[in-house]
1. Express the relative contact order of the chain as a whole percentage, based on alpha carbon pairs under 8 Å and six or more residues apart in sequence.
2. Can you tell me how the chain classifies by the Cα gyration tensor, rounded, prolate or oblate, using a/c under 1.5 as the rounded cut?
3. Consider a paramagnetic label point 7 Å from the Cα of ASN19 along Cα→Cβ; state which residues of the range 90-124 have an amide N under 16 Å from it.
4. Per 0.36 nm of contour for each residue apart, how much would the distance between LYS68 and ASP139 grow if the chain were fully extended, relative to their Cα-Cα spacing?
5. In a shell of Cβ-Cβ distance under 15 Å around LEU44, excluding LEU44 itself, what net charge do Lys and Arg (+1) and Asp and Glu (-1) give?
6. Between ASP87 and ASN107, take the C-beta separation as r, use R0 = 22 Å, and let me know the FRET efficiency to the nearest 0.05.
7. Assuming 0.36 nm per residue, please report the length gained on full extension of the stretch SER4 to LYS94 beyond their Cα-Cα distance.
8. May I ask for the net charge around ALA29, where only other residues with Cβ less than 15 Å from the Cβ of ALA29 are counted and Lys, Arg are +1 while Asp, Glu are -1?
Amino acid sequence: MKISEILHRSAIIADLKSNDKKGVLEELAAAVSDMAETDSQQILKVLLEREQLGSTGIGGGIGIPHGKLNAINSIVVGFGLSRGGVDFDSLDNKPVHIFFLLITPENSTGSHLKVLAQISRLLKQSDFKDRLMKAETVDDIVQIIHDVDDEF
């Protein structure tokens, strides 16, 4: 499953404004709420509950906040870029700059894991991360993700 096929440009934030975890999650939840056809507060609640289990800041400047929600019927992916970085309780205690948000239906464990795995594969490429960090617009981000996604 290609990320570029499920990440809509309306769910991409090229310059996150928030400088804390909850604020970033609020921005990302709002960005995907139309696509998810559900209230951003429901999405935020699921994300915050998941963060209580352990941070989704995986290190290397990356965060992959995710959760499952009964109210949606298909996988929803969002993206956010923080220029200054955010304290996200990351595993390496470093600021997070690149965020991929993933919300899946409650009963879609297989799809959930496949998308997480694809995001992780993409983010293991340092060139991909470097290009994302230099992206200035939503169009830049779409193109970068599309280019790298095609390699898989």
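Values quoted throughout were computed directly from the atomic coordinates according to the rules given, and no laboratory measurement underlies them. None of the values given here were measured: they were computed from a predicted structure. Note: ideal-geometry Cβ built from the backbone for every residue, glycine included; neighbour counts use all protein chains shown.
1. 28
2. On the way: a/c = 1.38, a/b = 1.13, b/c = 1.21.
It is rounded, given that a/c, with a ≥ b ≥ c, falls under 1.5.
3. 95-97
4. 22.7 nm
5. On the way: positive: LYS21, LYS22, LYS45, ARG50, LYS68; negative: ASP20, GLU26, GLU27, ASP34, ASP39, GLU49, GLU51.
In short, -2.
6. That pair, ASP87 with ASN107, gives E of 0.05.
7. 29.7 nm
8. -2
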